[in-house]
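Undergrad: Take a look at the following structure, please.
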């Protein structure tokens, strides 16, 4: 059995002696393929010598990265204390539980251990630490935090030092998940010197917090009825899409254990309440988009107990079966935008499922399994949206449309151009997937997203620059008057949401600029989807002559179809009534006529 990612934990069980400088610690490791953290003892014997650093693990092999960590630990510890490394020998002995000890994550605890041995002092028995170390004391990232934290809990640790990571990273989410599920406060350090007070000065640990709450300016948000001056906007499909997204997210929020994750659950409930306000004011896609961004977090904290391989594999299989059961309906002049957008999201879901499966296949700790669960949750949310989009499409019947062979060539050319501009980024790869299964229109939709979000222009927008603000506002007005179809117009509505947020956040230049950039991006997406629509409609097969220029034409056409249907039904009813009436009249007249043979026969019988 191989021991991976050695060591997150320090607990001093021995003592230093003036003549031998021997100290004893426990270290944490992760057993590869078992998804379990274990505790294993490490001894350090410091003696007068010539600077030799030696690491042994009984009969187990010791990886070069573990040996290097020990050397870096000694280099920094001696520098920190101002002692001559060449005056001592450092003999580390690991009582391995496996046949192979490897991984650089012992760096920070070995550094603190070396400082303790040279200072002839004890380390707190309840202190644990993990992280790589460099010669200047910088603490670097590690793996297996979730498994190590659970192992730390079994030996009674009450403070866990970990490398600093960005607050918006998935690793930080794992920190908070590990802290709240084990009850051990987690403290981030970026340099070993920041860990010293916890190791030698009994500094109290303050648990890290996880802040995902956000206050949108919903009170001053204008109600949206229509942003298309020349047409009537029908948002039924988007309302249904928003409802589905809200439902699946609320279900996951409700499933979160409030006793362990009370603060997080409260924040999620607050966000959902804000999203409902945004939805109630007509920003249908905007609200469902915000919910979608929140959904993976809710899903992860509701399913973290499924971090074992078998549970995660079963979850992934269920989601895969659900997604692959979805079949797009026949495209028509009324529904093609819903069908194509559903097909595009299907490709995104397949990409997320592929990522999830790859993470599971290569996983060496529960961290990677949890990452796979998060990726699978995104796939499920997309497929739930796909299902609703297809349901909406099925209710919008009209003349069937079929893409001509020309659209295949157009999609191939645009994919090639996108690969040249952006490389193998997600939207480009997902457009290739749509192309590979013959959904060429969906590939064009996904490329519209690539051309929007891989364009860095929006990153430099400054809300304090009135010229730039005016340019975006002007662009929004242009888009509002020229947007064709349901999706482009909904993106215009979303840009209005962000413009209002930017205006309401003028006191915070950073936030206002971020909102302005989001407004610009969604306007570009409106134009790019509009362009994709034009390309699709220009490449219909012969006989599919119904064009779709604006949303008003969609619903005007639908109204005409429905009206014609009812006119035909009424005419058929009138004809049937007339025919039945005439037949009844003729029959009664025939029976009543005197002088007929039947009449005379009747009189003879009587």
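Coordinate-derived values only; no laboratory data. Model, not experiment: these values are computed from the prediction. Because the Cβ atoms are built from the backbone with ideal geometry, glycine has one as well, and the counts that use them run over all protein chains shown.
Undergrad: Taking each pair of different alpha-carbon atoms in the range 2-200 once, compute 1/r for the pair, average those values, and report the inverse of that mean as the Kirkwood hydrodynamic radius in Å to one decimal.
TA: Computed over the range 2-200, the radius equals 16.2 Å.
Undergrad: Let me ask something else. Can you put 120, 24 in order, fewest other beta carbons within 10 Å first?
TA: The fewest-first ordering by Cβ neighbours comes to 120, 24.
Undergrad: Could you list 81, 108, 284, 276 so that the one with the fewest beta carbons within 10 Å of its beta carbon is first and the one with the most is last?
TA: With the sparsest Cβ surroundings first, the list reads 81, 276, 284, 108.
Undergrad: A follow-up question, please. Measuring from label point to label point, each 7 Å out along Cα→Cβ, what is the residue 136 to residue 86 span in nm?
TA: 2.4 nm
Undergrad: Please work out how much length the chain gains when fully extended from residue 322 to residue 534, using 0.36 nm per residue of separation minus the C-alpha to C-alpha distance, in nm with one decimal.
TA: Working it through step by step, the gained length comes to 73.1 nm.
Undergrad: Could you calculate the contour length gain from residue 223 to residue 506, that is, 0.36 nm times the residue separation minus the distance between their Cα atoms, to one decimal place in nm?
TA: Separation in residues times 0.36 nm, less the Cα-Cα distance, equals 99.8 nm.
Undergrad: Expressed as a rounded percentage, what relative contact order does the range 95-220 have, with Cα pairs under 8 Å and six or more residues apart?
TA: Result for the range 95-220 is 23 percent.
Undergrad: If you don't mind, there's one more thing I want to ask. Could you work out how much longer the chain between residue 465 and residue 391 gets when fully extended? Use 0.36 nm per residue separation minus the Cα distance between them, nm to one decimal.
TA: Here the answer is 22.2 nm.
Undergrad: Okay, next question. Assuming R0 = 35 Å, can you tell me the calculated FRET efficiency for the pair residue 206 and residue 277, based on Cβ-Cβ distance, to the nearest 0.05?
TA: My answer for the efficiency is 0.55.
Undergrad: Here is a follow-up. Within 10 Å of each residue's Cβ, count the other Cβ atoms and sort 95, 359 from fewest upward.
TA: In order of increasing Cβ crowding within 10 Å: 95, 359.
Undergrad: Hey, with R₀ at 45 Å, roughly what FRET efficiency would residue 408 and residue 314 work out to, going by the Cβ-Cβ distance, to 0.05?
TA: About 0.75, to the nearest 0.05.
Undergrad: Right, here's the next one. Is the range 375-495 best put as rounded, prolate or oblate by its Cα gyration tensor, with a ≥ b ≥ c the root eigenvalues, rounded for a/c under 1.5, and otherwise prolate when a/b is larger than b/c, oblate when not?
TA: The shape class here is prolate.
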